[in-house]
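**Student:** Shown below is the structure under consideration.
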Amino acid sequence: AGAKAVEMFTVDPQGLRELEEGRAVWRAPLELVSNVFDEARGYEGAGTVQRARPTRCDIVIEPVPGSRAHRYMVSDDGAGFLDESDVYTLFGPTPKRSNAAVAGRFNAGEKQLIAVAKTAVVKTGWSTTSFSNDRRTVKKHRTPHTGTSVECVMRWTVAEAEEVVEAIKRCRPPQGLTVTLNGETLPNVAEAHAVVRVSLPTVLLSEGQMRPTVRKTNVTVLTCPDETEPWLFELGVPVAPIGGEFQYGLDVGQKVPLPQSRDTVAQSWLDKCIGRVIEAALLDGHDILSTEDVGRSYVKAALEHVQAPEAVDKAVDSIHGE
């Protein structure tokens, strides 16, 4: 008797912070960049009003004077948060889950970053939300903000801040979005060797659940500068090094099946991706294999996914000679 219904769950900021501290220091900061990339691509569902897409994303990383910390700010000129309560709500519904052409699905990234920040301020729409000492303060405004800005004070050493800078420099912004880092336009560190269209497993919201499916997408094959490790990218945002002695980076133009940590991909998926990219590139006349690939560790598993007879012949000729 006298029982009172309350919210189903409560999130403990300290517990979330402990989980986030185990990830690479650059991973959570890139969630903000990925959000802007998604907004620039657009993800409106059927019947919804098209929102203004950002044309700029300005990133600042700088030491905080008199403190062993760094300021990290990401701002854009887009339409702002679709739902302003998403600033502090974990895993809320999002139309991104129904669109394979944007990366978002968990609706947790900025909260994961804020959890490990000393302080944070998010300005979007008609509100400013401040976070400090595991509490939030929301201030409403009579006029809306232009775009969105997220400013955090992070407990980063100089080395950790440099690690975040290098991760941001790897990013490949979508067409039409200018990204600056400390006032300088983001450089393109990997040139496109080819763009191929392949069918790959992905995940989409269907009938109220995130379900595996297969869709066609563009994959950009990247020529990496000397001594630069090839990476796997999801829609322009780095996920992890490819490994296996594969010589090219791969930027997949749809959701990659990733865990919430966004830092690993199943080896079976990666083998399939490499194999299908090789097949499509060979059929399109692109040089992607050579005799130097003999014995490289990725070859056997990847070539199992090269099935078109013409591509098989070209692969064997490229690696072993005619």
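The values are calculated or read from the model by the stated rules, or taken from the named source; none is laboratory data. As the structure is a prediction and not an experimental result, all values here were calculated from the model. All Cβ positions, glycine included, derive from the backbone under ideal geometry; neighbour counts span all protein chains shown. When the accessible area is computed, the model is the full protein with side chains, heavy atoms only, and any ligands, DNA or RNA have been set aside. Shrake-Rupley method; radii C 1.70, N 1.55, O 1.52, S 1.80 Å.
**Student:** Along its principal axes, what span do the Cα atoms of the range 30-117 show, with the longest given first and each in whole Å?
**Tutor:** If we take the Cα atoms of the range 30-117, the spans are 51, 27, 21 Å.
**Student:** To continue, here is another question. Roll a 1.4 angstrom probe over the protein heavy atoms and tell me the percent of accessible area of the chain that is carbon or sulfur. Mind showing how you got there, number by number?
**Tutor:** Working: 8380 of 16760 Å².
Whole-percent figure for carbon plus sulfur exposure: 50.
**Student:** So if I take the centroid of the Cα atoms in the range 101-179 and the same for the range 255-294, what is the distance between those two points in Å?
**Tutor:** Result: 31 Å between the Cα centres.
**Student:** Just to be sure I understand: if I project the alpha-carbon convex hull of the chain onto a plane and average over all orientations, what area do I get in nm²?
**Tutor:** Details: hull surface 83.6 nm².
That works out to 20.9 nm², a quarter of the Cα hull's surface.
**Student:** What does the accessible area per residue of the range 1-46 come to in Å², with a 1.4 Å probe and no ligands, DNA or RNA counted?
**Tutor:** Working: 2810 Å² over 46 residues.
Per-residue value: 61 Å².
**Student:** Cut-off 10 angstrom, C-alpha nodes, Gaussian network model of the chain. Which of Glu292, Glu20, Glu31 fluctuates the most?
**Tutor:** Glu292
**Student:** Another one. Scan the chain and report its longest stretch carrying no trypsin sites (Lys or Arg not before Pro) that are both in a DSSP loop and have at most 10 other Cβ atoms within 10 Å.
**Tutor:** Values: sites that count: Lys4, Arg68, Arg142.
Longest gap between qualifying sites, sites excluded: 143-322.
**Student:** Okay, moving on. What accessible area per residue comes out for the range 211-322, rounded to a whole number of Å², with a 1.4 Å probe? Don't jump to the answer; show the numbers that get you there.
**Tutor:** Values: 5390 Å² over 112 residues.
Using a 1.4 Å probe on heavy atoms only, each residue of the range 211-322 averages 48 Å².
**Student:** Would you kindly find the accessible area of Phe106, with a 1.4 Å probe and non-protein molecules such as ligands, DNA and RNA excluded, rounding to the nearest 10 Å²?
**Tutor:** The value for Phe106 is about 50 Å².
**Student:** Compare Met154, Met73, Met210 by solvent-accessible area with a 1.4 Å probe and give them largest first, with all protein chains kept in place. It would help to have the intermediate numbers written out before the result.
**Tutor:** Values: Met154 5, Met73 40, Met210 75 Å².
The ordering from most to least exposed comes out as Met210, Met73, Met154.
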